[in-house]
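The values are calculated or read from the model by the stated rules, or taken from the named source; none is laboratory data. From a predicted model like this one, the values you see are computed outputs, not experimental measurements. Every residue, glycine as well, gets a Cβ built from its backbone with ideal geometry; the counts of neighbours run over all protein chains shown.
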Amino acid sequence: MAKQDHEIVSVYPFSNEEIEQLMNNSRECVLMWGTKDGWPVGVTHSFVWHDGKIWITFAEHRHRAAAIKRDPRVSVNVSAAGYPEGSSEDLPRGAITFKGRGEFFQDAETKDWFYRALAKKGNPDNKEGEDFFYNFLDSPLRTILAVTPEKKIMYNGTKAAGHIAGTLSDDELGERLDSDAGRMNKYREKRGLDPR
């Protein structure tokens, strides 16, 4: 990629394996929703990636619960910045924003597996810490949100760095999406610039 093509980033997707690595190793996500008056809002949460869904928990009296029940369309951003300190350098870098729909769960079976999975993810080598967090999560006002992704907006920072450094060939790139293939050239044309 030529240096002047830095606006083209849709060619850096994650593979399915890299998505699994990012989602299973990053400990934090940002859940985003729309308020009644149209403001976009986001809050950082711990999460679990399970069965292709993003699982999050918070107290049911939070404004986000009412907002998501009113309109289940949400976005969730997961970044490599959420990897624990000392994580392998081989893990993919970058971020994914998932657009999806949220569904709430409060049944005992879901609470049991999810609280245990979340507690273990936050305390992978500390059974005492895991058990403490598990018991902390099991509170009467807590609800569980599962977000089912419908679209992914990806930026694979590892792939981008390799491409810029010349160690990744053009045939290893992803498909150029419309934002970088069509819309970008419309904006370039408006500014009197040559298409790319």
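Pairs meeting the criteria (first residue in the range 49-75 and under 15 Å from LYS99 (Cβ atoms), second residue part of a loop (DSSP other than H, G, I, E, B), beta carbons under 6 Å, at least 6 apart or on different chains) are ILE54/PHE47.
Conditions (1) at pLDDT 95 or above; (2) of a type in the set (Gly, Ala, Ser); (3) over 18 Å from the mean Cα position of the chain (by Cα), marked per residue:
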residue: ILE54; (1), (2), (3): yes, no, no
residue: THR57; (1), (2), (3): yes, no, no
residue: HIS61; (1), (2), (3): yes, no, yes
residue: ALA67; (1), (2), (3): yes, yes, yes
residue: SER75; (1), (2), (3): yes, yes, no
residue: SER88; (1), (2), (3): no, yes, yes
residue: ARG93; (1), (2), (3): yes, no, no
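Yes or no: PRO92 buried (at least 17 other Cβ atoms within 10 Å of the Cβ), out of contact with any Lys or Arg (no Cβ under 7 Å at 6 or more places or on another chain) and farther than 22 Å from TRP33 by Cα? So PRO92 fits the description; yes. Output yes when any residue across the range 140-152 is free of Cβ contacts under 8 Å to residues at least 12 places away in the same chain, of a type in the set (D, E, K, R) and surrounded by fewer than 17 Cβ atoms within 10 Å (Cβ to Cβ), and no when none is. Checking the range 140-152: not a single residue is free of Cβ contacts under 8 Å to residues at least 12 places away in the same chain, of a type in the set (D, E, K, R) and surrounded by fewer than 17 Cβ atoms within 10 Å (Cβ to Cβ). From the list ALA108, ALA95, ALA117, the lone residue that is over 20 Å from ASN24 (Cα atoms) and aliphatic (A, V, I, L, M) is ALA108. Scanning the range 32-45 for residues that are surrounded by 18 or more Cβ atoms within 10 Å (Cβ to Cβ) and either touching a Lys or Arg at 6+ places or on another chain (Cβ under 7 Å) or free of Cβ contacts under 8 Å to residues at least 12 places away in the same chain (or both) turns up just one, TRP33. Close Cβ contacts (under 9 Å, 6 or more residues apart or on different chains) running from residues in the range 168-180 that are farther than 18 Å from PRO195 by Cβ and of a type outside the set (Val, Ile, Thr) to residues that are outside any loop (DSSP other than H, G, I, E, B) and modelled with pLDDT under 75 are absent. One residue is enough: does the range 175-189 have a residue meeting the conditions more than 17 Å from GLU18 (Cβ to Cβ) and among the hydroxyl-bearing types (Ser, Thr, Tyr)? Yes, some residue in the range 175-189 is more than 17 Å from GLU18 (Cβ to Cβ) and among the hydroxyl-bearing types (Ser, Thr, Tyr).
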